[in-house]
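Asker: This is the structure, below, for whatever I ask next.
The values are calculated or read from the model by the stated rules, or taken from the named source; none is laboratory data. Quick caveat, the model's predicted, so the values are computed rather than measured. All Cβ positions, even for glycine, are placed from backbone atoms using ideal geometry, and neighbour counts span all protein chains on display. Protein only, heavy atoms only, side chains kept; ligands, DNA and RNA dropped before computing areas. Shrake-Rupley method; radii C 1.70, N 1.55, O 1.52, S 1.80 Å.
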Amino acid sequence: MKRRQWLHMGCAVCASLAAGGLLAQGDLDYAPPERLARPDAASDEGGLWAMMDREEKNLRRSGLLLRDEQLNRYIQSLACSLAGEHCGDIRVYLVRTPQFNASMAPNGSMQIWSGLLLRVANEAQLAAVIGHEVGHYLQRHSLARLRDIRDKAALGQVLGLFGIAGLVGQVALNATAFAYQRDHEREADRIGAVLMHRAGYSVEESAKVWDGMLQEMRARDGDGATVSPLFATHPPTPERRDSLSAIAALLPGGSAGTESYLTRVSPFLDDWCEDEVKRHQFSESVALFSRLMVASPVAGLMQCYRAEAYRLRGADGDDERALSDYRLATRDGAPLAKAYRGIGLIERQRHRNSEAAQAFRRYLELSPGAPDAGLIRSYLESA
Amino acid sequence: MSLLIRRYLVVFFLFSALPAVLSPALAQSKNRAPGFSDLAKEASILVMTPDVELYSISAGGVIEPKADWTESAQRHLQASLQTRMTGSQLKVQFLPEEDGDAFAEISALHAAVAQSIALHHLSGGNLKLPTKNDQMDWSLGDAVTPIRQKHGADYALFVWFRDSYASSERKAAMFAMALLGIGISGGIQVGYASLVDLKNGQVLWFNRLLRGTGDLREQAPATETVNALLNDFPAVAAR
Amino acid sequence: MKYLIVMVAVVVLAGCGSVRKVETGTNKVGERFSMQLEGPWNHVDFPGIKPGQLWTMEGITVDELIIYAGIKDGQVMHPDNAAQTKKQNVVFRRDMPTEKIVSMFESVMTRDDSVFKLLRIEPSSFAGRKGFLFEFERIRRNDNLRQLGFGYGAVDDGELFALVYVAPALTFFPRHQARVEAIAHSALISPPVGAAAPVAILPPPVRVSIGMPGQRLPAVSTAARAVAIPEPK
């Protein structure tokens, strides 16, 4: 966690989008630079790359990497469709972590967390995030930030001579660093939008990503500043949505790619939803699944996991909410094993044995080899 | 609150480091597996890629990884180990870069075991594990077999470092607090080295550095650090 | 923030930690829980590990056997007290069915974003009661170490009794698995002392942040980083 936070601070610039400034058509004629050559090892940029190479090596060895070949190829090729001739320089790594995050290092290694893949509804939304990251890469924002931080660090040393003032000075420096970063975010936003437009995606979708995150944060008790490491440095604002909408108006058309996205990720949705529920932050999960249910081909699955979150939260009325969700999720006889299990578990708690038994039987039919099949079988026998 | 915590830590680690300082003679045997004394003549040893991370401590005491420092530390350690080990009478080989991925899990396992040896055996005191009978008896077992199969070495040397340094703001804060009579932390170097028998995974020899000095960011102090860590490294049997 | 948690844990271990030998033979944990040991173990004690009791063979960064001897209704499982988090704590309820108890352990073991995969959960007699067993794989977030583990548990008179063992998949889990299984099979819960027995025998949940397997483990690896030494460099 710490390492990742630091990655955001120090090098890879995170995926948050900042409020846009005034837009003109001219801003949208973005011409990407030539392919970035590996910098001289002795330069500051070379040092930055070497350090990122090392991080990438650690990442490659991580047991937390999603190694499915097809999924990796799919997302890599989506990145390629955005990055154009830079495609060969960009390496995508999918990391299994139930939080919303993506980042890109200056050497071309990009991390996408499974929590993000769960939260985006279609290719266009994922393209918005990847496009934004590619924007940072193409503009070499990390290098600019490194130099900026270094300059300010020198200033910090001077302040440090005044003893405790160093502490205050440091806070002030951080504030200026964030302001500086916001300009980069704005630029990456704009580039991301242009790239996704050129690749044939609907720019309108990009605003929705942030809208969704806001909803989830509101579900959290209190200020909700830590749903994602992203928001530590970049509080999302309604202006961001407006600015993205403004860009979208200038770049109309394009597709969302909902079907194609869900087809590719559907084998993994179960795992990712499970990871989400396991965070034990059920109110946030309820908000998330509520959002993902809307007009989605996987609404049933999401409703089923919302029910799981209710069932595990177990507050007043949660069992009823869960039951209703499980039932709706399976109303067309959808083969959602977990929903039947959930119905059975709740009915069993309420001593409605025949309803419980019926649901458990269906669960075991659908999922005879489930890790908890032994437990459920025993419930069935005692029902 | 956090100041209080650090003071506790200072006290603990000073105490835990004390026995080793006071009784160097004991420390000698403490670092070896029961029954182990010398390395076999003509034996070969594989030096694993050091696992190292460097951190800075900010004025407020926040600890942050520093990848650029780590990067140079990695290079310096590699160079120092090369010099140090080539001086031994063993056949020395270094783990090729491309094998790092394959043995990552074994390295992680070593780190976990090394931490336990340091905590429960070398620190000792009330953290000793009674079932180990005061002996350095830890083994990575057959987890190391793939290393022997791939490289055919008799032994492996694992090295692990975590090192932290105070930022200039931190130093200023430390100075100010010192005037008020309060000691706060500067930075500390922790290093582990394990000599592992690749036949059975036994940790034959182990050493730890735990000190407020040492610097891996520059070559010369890094060499000093490696030499300190491997100071008591077993010799090759006379015949 | 994580560091703070870690530091608190380290302090606790450093300042007040101690290790005691658990001898072969009958051992009692808490008021009502006992087990037979075929060989000795090490009991690592420090405030903050409550409501569990921690045993190890190889050291706390390697393997952990955590014993829960009578978790009460409403008791928090390893409170997550990091000052800045608003995370919901994991709380045991006496009417929890098996699947919820296991998901409670799961939540505690993934608190540090470790990846947890349930391999099996089924009913099993435990300590003379109808109980359950679960098996899992975990990738510890802190160091990417792949672990295997299992747990046994049963609820008696509204209190949870359980054993959870977790160790590296390489070498250590297979080395100690049978030993722990034997302990689990020998466990016994004695009946509460009369119906009017005082309920609050255990101390109240300790307000020190600690995780179950793993959450605390980084503590030690991080100990070194968090450690303070008086002289500046």
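Asker: Just to be sure, is A:Gly317 farther than 30 Å from A:Tyr261 by Cα and away from every other protein chain (no Cβ under 14 Å)?
Answerer: yes
Asker: Consider A:Thr258 carefully, then state whether it is open to solvent by 30 Å² or more (accessible area, probe 1.4 Å) and of a type in the set (Val, Ile, Thr).
Answerer: Numbers: open to solvent by 30 Å² or more (accessible area, probe 1.4 Å): yes; of a type in the set (Val, Ile, Thr): yes.
Yes: the conditions hold for A:Thr258.
Asker: I've got another one for you. Got at least one residue in segment B:76-96 being within 10 Å of chain C (Cβ to nearest Cβ), among the polar types (S, T, N, Q) and without any contact (Cβ under 8 Å) to a residue 60 or more places away in the chain?
Answerer: Just the residues of segment B:76-96 that are within 10 Å of chain C (Cβ to nearest Cβ), to begin with: none.
Among the residues of segment B:76-96, not one is within 10 Å of chain C (Cβ to nearest Cβ), among the polar types (S, T, N, Q) and without any contact (Cβ under 8 Å) to a residue 60 or more places away in the chain, which makes the answer no.
Asker: Could you give me the residue pairs with C-beta distances under 6 Å whose first residue belongs to segment C:89-102 and is within 8 Å of another protein chain (Cβ to nearest Cβ) and crowded, with 16+ Cβ neighbours inside 10 Å, whose second residue is of a type in the set (Gly, Ala, Ser) and not in a loop (DSSP other than H, G, I, E, B) wherever it lies, and which are 6+ apart or on separate chains?
Answerer: Listed pairs, sorted by first residue: C:Val90/C:Ser107.
Asker: Looking only at segment B:116-131, count every residue that is open to solvent by 10 Å² or more (accessible area, probe 1.4 Å), part of a helix (DSSP H, G or I) and facing chain C (nearest Cβ under 8 Å) and tell me the total.
Answerer: Of the residues in that region, 4 qualify.
Asker: If you don't mind, there's one more thing I want to ask. As an exercise: evaluate B:Thr70 against (1) part of a strand (DSSP E or B); (2) free of Cβ contacts under 8 Å to residues at least 24 places away in the same chain; (3) hydroxyl-bearing (Ser, Thr, Tyr) and give the number of the one condition it does not meet.
Answerer: With respect to (1) part of a strand (DSSP E or B); (2) free of Cβ contacts under 8 Å to residues at least 24 places away in the same chain; (3) hydroxyl-bearing (Ser, Thr, Tyr), B:Thr70 is out only on (1).
Asker: Of all residues being part of a helix (DSSP H, G or I) and of a type in the set (Gly, Ala, Ser) in segment B:73-97, which is nearest to B:Ala235 (Cα to Cα)? Just the residue, please.
Answerer: Among those residues, the one meeting the criterion is B:Ser80.
Asker: Do you know which of the residues in segment A:96-132 that are among the polar types (S, T, N, Q) and in a loop (DSSP other than H, G, I, E, B) is nearest to A:Met217 (Cα to Cα)?
Answerer: In this case the residue turns out to be A:Gln99.
Asker: I've got another one for you. Count, please, the residues in segment B:211-239 that happen to be open to solvent by 40 Å² or more (accessible area, probe 1.4 Å) and either away from chain C (no Cβ under 14 Å) or under 28 Å from B:Ala33 (Cβ atoms) (or both).
Answerer: Number satisfying all stated conditions: 10.
Asker: Take A:Glu55 and decide whether it is acidic (Asp, Glu), within 17 Å of A:His136 (Cα to Cα) and within 14 Å of chain B (Cβ to nearest Cβ). Don't jump to the end; show me each part of the working.
Answerer: Values: acidic (Asp, Glu): yes; within 17 Å of A:His136 (Cα to Cα): no; within 14 Å of chain B (Cβ to nearest Cβ): yes.
Considered against the rule, which asks whether it is acidic (Asp, Glu), within 17 Å of A:His136 (Cα to Cα) and within 14 Å of chain B (Cβ to nearest Cβ), A:Glu55 comes out as no.
Asker: Can you work out which of the residues in segment A:58-82 that are of a type in the set (Lys, Arg) and within 14 Å of chain B (Cβ to nearest Cβ) is most open to solvent (accessible area, probe 1.4 Å)?
Answerer: Restricting to residues being of a type in the set (Lys, Arg) and within 14 Å of chain B (Cβ to nearest Cβ), the top hit is A:Arg67.
Asker: Can you tell me which of B:Ile5, B:Ile57 is modelled with pLDDT under 65, of a type outside the set (Phe, Trp, Tyr) and crowded, with 19+ Cβ neighbours inside 10 Å?
Answerer: Every option except B:Ile5 fails the conditions.
Asker: Another question about this same structure. Which one is surrounded by the most Cβ atoms within 10 Å (Cβ to Cβ) among residues in segment A:193-207 that are among the small types (Gly, Ala, Ser) and at pLDDT 90 or above?
Answerer: Taking segment A:193-207 as the starting set, the residues that turn out to be among the small types (Gly, Ala, Ser) are A:193, A:199-200, A:202, A:206-207.
With at pLDDT 90 or above added as a condition, the list becomes A:193, A:199-200, A:202.
Details: A:Ala193: 31, A:Ala199: 21, A:Gly200: 14, A:Ser202: 23.
Out of the qualifying residues, it is A:Ala193.
Asker: Does A:Glu308 satisfy the criteria of being open to solvent by 40 Å² or more (accessible area, probe 1.4 Å) and either modelled with pLDDT of 95 or more or more than 20 Å from A:Asp271 (Cα to Cα) (or both)? Walk me through it before giving the result.
Answerer: On the way: open to solvent by 40 Å² or more (accessible area, probe 1.4 Å): no; either modelled with pLDDT of 95 or more or more than 20 Å from A:Asp271 (Cα to Cα) (or both): yes.
Spelling it out, it is not the case that A:Glu308 is open to solvent by 40 Å² or more (accessible area, probe 1.4 Å) and either modelled with pLDDT of 95 or more or more than 20 Å from A:Asp271 (Cα to Cα) (or both).
Asker: Which of the residues belonging to segment B:134-155 are touching a Gly at 6+ places or on another chain (Cβ under 9 Å) and open to solvent by less than 40 Å² (accessible area, probe 1.4 Å)? I'd like the intermediate steps shown before the answer.
Answerer: Our first condition is that a residue be touching a Gly at 6+ places or on another chain (Cβ under 9 Å); within segment B:134-155, this holds for B:134, B:138-145.
Within segment B:134-155, B:Trp138, B:Ser139, B:Leu140, B:Gly141, B:Ala143, B:Val144, B:Thr145 qualify.
Asker: While we're on this one: Output yes when any residue across segment A:324-335 is surrounded by fewer than 22 Cβ atoms within 10 Å (Cβ to Cβ), assigned to a helix (DSSP H, G or I) and among the acidic types (Asp, Glu), and no when none is.
Answerer: No, segment A:324-335 contains no residue that is surrounded by fewer than 22 Cβ atoms within 10 Å (Cβ to Cβ), assigned to a helix (DSSP H, G or I) and among the acidic types (Asp, Glu).
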